[in-house]
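The next block holds one structure in the form of structure tokens; read it before the comments.
The values are calculated or read from the model by the stated rules, or taken from the named source; none is laboratory data. Everything quoted here is computed from the prediction, not taken from an experiment. Quick reminder, even Gly has a Cβ in these numbers, built from the backbone with ideal geometry, and neighbours come from all protein chains shown. For the accessible areas, the whole protein counts, side chains as well, though only heavy atoms, and no ligand, DNA or RNA atoms are used. Shrake-Rupley method; radii C 1.70, N 1.55, O 1.52, S 1.80 Å.
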Amino acid sequence: MTEPSKVIHVRNVGHEISENDLLQLFQPFGVITKLVMLRAKNQALLQMQDITSAANAMQFYTNVQPSIRGRNVYVQFSSHQELTTVDQNAQGRGDESGFQALIQYQVRQSAVTARNSLQGRNIYDGCCQLDIQFSNVDELQVNYNNERSRDFTGPSLPSEQKGRSSQSGYGDAGGLYGLQPGARTVGFPQVGVMLQIISGYFFLSWGFLFCSHLKRNRKMSNASAIAAAFGGGLPPGISGTYDRCTVLVSNLNPDRIDEDKLFNLFSIYGNIVRIKLLRNKPDHALVQMGDGFQAELAVHFLKGAMLFGKRLEVNFSKYSNITTGADTHEYTNSSLNRFNRNAAKNYRYCCSPTKMIHVSTLPQDITEEEIVAHLEEHGGVVNTKLFEMNGKKQALVMFENEEQATEALVCKHATPLAGLAIRISFSQLQGI
């Protein structure tokens, strides 16, 4: 049996699985320091910060089959105790990332502090998520002070080389920053932006091409965040072309539905602005999402879903927004809107209703019996698993079918359990 190691070997990594997908699978267990994609072998090597983090991941996935995009992947400790080879994908990363930057600090600690504060943050609301890594560049040499490079300790530097325009292409970073041709970097990828720091450096790169002309187009839509979340593309069936952000929901069960239950369901796919139940059509409602992309996700994933014995019809409304009035419920400032933070991360969880729900924000002393007692009125609980991630108790609960799980989510999300308001979302895991 292979002895425990910081390095985890992942097999059956199909071409549709991105680095971000793998990171999402292991990030809950600790800091990931290195990732090597072995595309030719459909494998990957991933190094955690310490053996304990790797052991926690291995222990969890011994009992839960890890699955990415519908494909089962298989994990084991690697025979390597440390990854020392250069990431084979790092060479091509510069071509894929579109927009990059190097930032040198006076002291290393300033760079460490900046990375810890900015890693995973969005530059704009819902898009341009930073992935920041330590750089292996020893010294950053800036030759010109202009819109593409600047030495804040040398204000007298020229703005451009004599006889040459400073408007070089986005890919021409080598001459500006004094990088050696053919130099490769060891990437420690996180979702969206890659940071490398050595001797107090930042290396930042957008993980998606939507941001390659960021300076020319500062107002980015949530399409970029979704593209980052889904590995540079969009989920099948999502076009990203819809502008209308209001959704018409019909065939509701008027005896059991209300605005808050609709909020709990639709907030999985985006922020909710307001909801209106149509009094003249009791089985109809209007739901205004944060933007057209989020509305498209809701329509795509919820059309035909079963709730309270009814099969939902979900379509785009002819109205661009819901007029504020006495019969509308406002959710713009609700703290329960899931996409106010970590938009790309929440997009990654978007899926059609499943039989499995993920329950978080649980008390540390909670038991599986208490969780079942809180949820079982909504259907037969087949299996449960209570576990801990980053020191916080969480649970997976599997129901007999998708409708029961959906009812549990819409009725019990944000409800108190042992003094804490629990959070519920659908899980894409196939089993416990």
message: Please list, ordered by residue number, the helices (runs of 4 or more DSSP H) wholly in segment 51-144 having 1 or more residues that are at pLDDT 75 or above.
response: 51-63, 108-118
statement: With criteria (1) among the polar types (S, T, N, Q); (2) open to solvent by 50 Å² or more (accessible area, probe 1.4 Å); (3) touching a residue at least 40 places away in the same chain (Cβ under 8 Å), Asn20 comes up short on (2)
- prompt: So, in segment 374-388, of the ones that are part of a helix (DSSP H, G or I) and touching a helix residue (DSSP H, G or I) at 6+ places or on another chain (Cβ under 8 Å), which residue ends up surrounded by the most Cβ atoms within 10 Å (Cβ to Cβ)?
  reply: Leu375
message: Show the residue pairs meeting these rules: Cβ distance below 7 Å; 6+ apart or different chains; first residue within segment 269-280 and within 11 Å of Asp291 (Cβ to Cβ); second residue surrounded by fewer than 20 Cβ atoms within 10 Å (Cβ to Cβ).
response: Asn271/Asn337; Asn271/Asn340; Val273/Thr332
- line: Of the residues in segment 356-367 that are surrounded by fewer than 22 Cβ atoms within 10 Å (Cβ to Cβ) and β-branched (Val, Ile, Thr), the one that is nearest to Ile272 (Cα to Cα) is Thr361
task: Kindly list the number of the only condition in (1) open to solvent by 40 Å² or more (accessible area, probe 1.4 Å); (2) modelled with pLDDT under 95; (3) closer than 25 Å to Lys303 by Cβ; (4) out of contact with any strand residue (DSSP E or B) (no Cβ under 6 Å at 6 or more places or on another chain) that fails for Gly391.
output: (3)
message: Looking at the structure I just gave you, is Ala40 open to solvent by less than 40 Å² (accessible area, probe 1.4 Å), of a type outside the set (Ser, Thr, Tyr) and farther than 18 Å from Arg348 by Cβ?
response: no
Every pair of residues 6+ apart whose Cβ atoms lie under 8 Å, when the first sits in segment 384-403 and is closer than 17 Å to Leu417 by Cβ while the second is open to solvent by less than 30 Å² (accessible area, probe 1.4 Å) and aromatic (Phe, Trp, Tyr): Phe387/Phe60; Lys393/Phe387; Gln394/Phe387; Ala395/Phe387; Leu396/Phe387
task: Just give me the residues in segment 1-17 being open to solvent by less than 10 Å² (accessible area, probe 1.4 Å) and among the β-branched types (Val, Ile, Thr), in sequence order.
output: Val7, Ile8, Val10, Val13, Ile17
message: Quick check on my filter: what residues within segment 313-355 are in a strand (DSSP E or B), open to solvent by less than 30 Å² (accessible area, probe 1.4 Å) and of a type in the set (S, T, N, Q)?
response: Thr328
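Among the residues of segment 1-50, write down those that are among the hydrophobic types (A, V, I, L, M, F, W, C) and part of a strand (DSSP E or B).
So in segment 1-50, the residues among the hydrophobic types (A, V, I, L, M, F, W, C) come out as 1, 7-8, 10, 13, 17, 22-23, 25-26, 29, 31-32, 35-38, 40, 44-46, 48.
Of everything in segment 1-50, those that are among the hydrophobic types (A, V, I, L, M, F, W, C) and part of a strand (DSSP E or B) turn out to be Val7, Ile8, Val10, Ile32, Leu35, Val36, Met37, Leu38, Ala44, Leu45, Leu46, Met48.
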query: Checking Thr415 against (1) within 30 Å of Cys245 (Cα to Cα); (2) buried (at least 17 other Cβ atoms within 10 Å of the Cβ), which single condition isn't satisfied?
result: (2)
